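Throughout, read-outs are computed from the coordinates displayed, never taken from laboratory work. In this text the structure is predicted, and so the values were computed from the model without any measurement. FYI the Cβ positions are ideal-geometry reconstructions off the backbone, even for glycines, and counts take in every protein chain you see.
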Number of protein chains: 2
Amino acid sequence: MVSKSQIKLITSLQLKKYRNEHQLFIAEGVKVIQELILSNLVLEHLFMTEAIFEDVIISKKTLVTEQDMKRISALSSPSPCLAIFKIPKPSKIENKGLIVALDDIRDPGNLGTIIRLCDWFGVKQLVCSPETVDVYNPKVIQATMGSITRVNINYVDLNVFISETMLPVFGTFMHGNNIYNEKLPNEAILILGNEANGISSRIEKSIKNKIAIPRFPSAVGNASCGDIQQTESLNVATATAIFLSEFRRIS
Amino acid sequence: MVSKSQIKLITSLQLKKYRNEHQLFIAEGVKVIQELILSNLVLEHLFMTEAIFEDVIISKKTLVTEQDMKRISALSSPSPCLAIFKIPKPSKIENKGLIVALDDIRDPGNLGTIIRLCDWFGVKQLVCSPETVDVYNPKVIQATMGSITRVNINYVDLNVFISETMLPVFGTFMHGNNIYNEKLPNEAILILGNEANGISSRIEKSIKNKIAIPRFPSAVGNASCGDIQQTESLNVATATAIFLSEFRRIS
């Protein structure tokens with residue numbers, strides 16, 4: 001049975017403040033938890049409903065009722081298990097290879113999807129501005145599907161980071177150079193900006209290579225009619241997918 | 001003031017059954033509603049809180065309290081406006097250009113993101129299997145950011161559709177041919193499958209060209225250690241982004 005103090009601890013971990021204080025985070029769902037256990041993360045405790053409790057052979061486990069699972073879960077439809085893990089210390093940034101840097105990404109789903117994309121495209125380093133959503137936010141953990149253990153994630157001042165690197169720096173802008181015409185290096189820093197405002201002007205100053213995904217058709221022509229409309233922008237996670245694909249494709 | 005019968009109607013429109021019965025759908029948020037009004041959609045009624053009511057000059061409007069807005073909204077943080085629109089009749093499918101076909105996409109956010117991608121990449125036709133989530137689901141409308149009015153969307157039996165087209169048919173699979181090595185035509189049908197199961201075997205039989213996004217590094221080598229793990233798959237919306245980018249890029 002889950003105790004009152006455990007319920008208090010677990011629900012507090014939905015907030016960054018308490019995750020930092022306790023150096024713990026929560027994960028939900030069989031598949032995500034399995035992947036995290038198989039990696040080097042330290043499991044603190046596992047809470048399970050009757051549906052799967054007997055099947056899991058592990059010492060640090062507690063049986064909870066479905067009602068209690070609803071109380072401790074951050075999900076609208078709770079899974080049969082919830083785990084508490086220790087937050088690992090991030091490794092130092094290795095300044096090589098392709099590195100993705102995020103300037104103020106706010107949506108947890110976007111950050112989770114970007115981490116999964118980094119994993120797919122062999123990007124080992126993800127660097128986030130301090131304003132970027134916390135990687136141990138439960139919604140980020142849910143969206144990464146376990147990729148979080150295979151990408152090294154650091155929160156740093158991006159301007160300091162850029163000033164210290166020898167790698168070429170690429171930033172994504174609405175009016176950058178056509179990505180399809182660029183010769184892209186194997187080693188680089190690729191910066192993506194905030195969902196609403198893009199890369200901040202503070203960071204923009206340090207970026208030499210501005211790139212963009214052109215709309216199709218790339219030249220709409222000088223049509224005089226006013227009814228040609230098109231979507232204003234791509235979602236930052238889908239844009240990241242296309243930029244990483246361009247950096248990694250065999251041309 | 002919003003009446004009891006209006007509240008009943010609006011909340012019922014969160015379900016496909018009642019959207020079909022009334023041939024109406026709801027949209028929330030200033031920007032989305034603005035885009036829908038500017039397109040050819042027929043506005044049935046607009047509900048607004050005091051925050052913006054006086055600023056909007058339109059006859060079919062009703063002032064609602066913030067409390068009532070919470071009752072009629074499908075969002076956890078309601079916007080100051082909610083609109084009811086008539087569901088337009090889809091145009092007939094034009095069998096030309098690049099057409100995206102979806103086999104049983106269940107997540108409204110994914111469908112919305114894919115519609116936005118179609119808009120960005122100039123895909124005018126989206127064809128969905130009958131099991132695919134309803135395009136007038138409020139969460140889809142939210143995610144499309146207005147792109148829904150620029151893409152013609154039909155729900156049809158995909159096998160019948162494929163059997164009747166003269167266009168080459170491409171399907172996306174985990175173990176298809178490397179997309180980066182394929183010569184892709186300007187006119188084609190691109191099929192994407194369900195989030196968990198991919199393209200169904202029933203549809204797979206009709207697909208001649210199987211394509212895939214390779215993981216990086218594409219050849220992991222014959223490493224004998226068992227700890228090389230990588231994410232199993234890409235989210236269907238990010239995969240769509242990469243496939244459409246490849247079809248549309250200037251090579």
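Counting other Cβ atoms within 10 Å, keep those with at most 14, restrict to DSSP loop, and tell me which GluC sites (Glu not before Pro) in region A:144-188 are left. Kindly include the intermediate steps, with their values, before the conclusion.
Numbers: sites: A:Glu164, A:Glu182, A:Glu187; in loops: A:Glu182, A:Glu187.
Here the sparse-neighbourhood loop sites are A:Glu187.
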message: For chain A, what does the helix formula give at 222 nm: sum of -39500 (n - 2.57) over DSSP H segments with n ≥ 4, over the residue count, nearest 500 deg cm²/dmol?
response: -8500 deg cm²/dmol
query: Going by a ≥ b ≥ c, the root eigenvalues of the Cα gyration tensor, does region A:4-86 fall in the rounded group (a/c under 1.5), the prolate group (a/b larger than b/c) or the oblate group?
result: oblate
Computed P(r) (all Cα pairs; the protein assembly as shown; 10 Å bins; percent): 4, 17, 25, 27, 20, 7, 1, 0
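Loop-only GluC sites (Glu not before Pro) in region B:1-74, please: DSSP not H, G, I, E or B, and at most 13 other Cβ atoms within 10 Å. If you can, show how the numbers build up before the last one.
Values: sites: B:Glu21, B:Glu28, B:Glu35, B:Glu44, B:Glu50, B:Glu54, B:Glu66; in loops: B:Glu54.
Answer by residue number: B:Glu54.
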- prompt: What Rg and what Dmax come out for chain A when only alpha-carbon atoms are used, in angstroms?
  reply: 20.9, 71
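Compute the Rg/Rh shape ratio of region A:33-163: radius of gyration over Kirkwood radius, all on alpha-carbon atoms. Could the numbers behind the result be given before it?
Details: Rg = 16.5 Å, Rh = 16.1 Å.
The Rg/Rh ratio comes out at 1.03.
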- prompt: Just how far, in whole angstrom, is region B:127-196 from region A:1-50 if you go by their alpha carbon centroids?
  reply: 38 Å
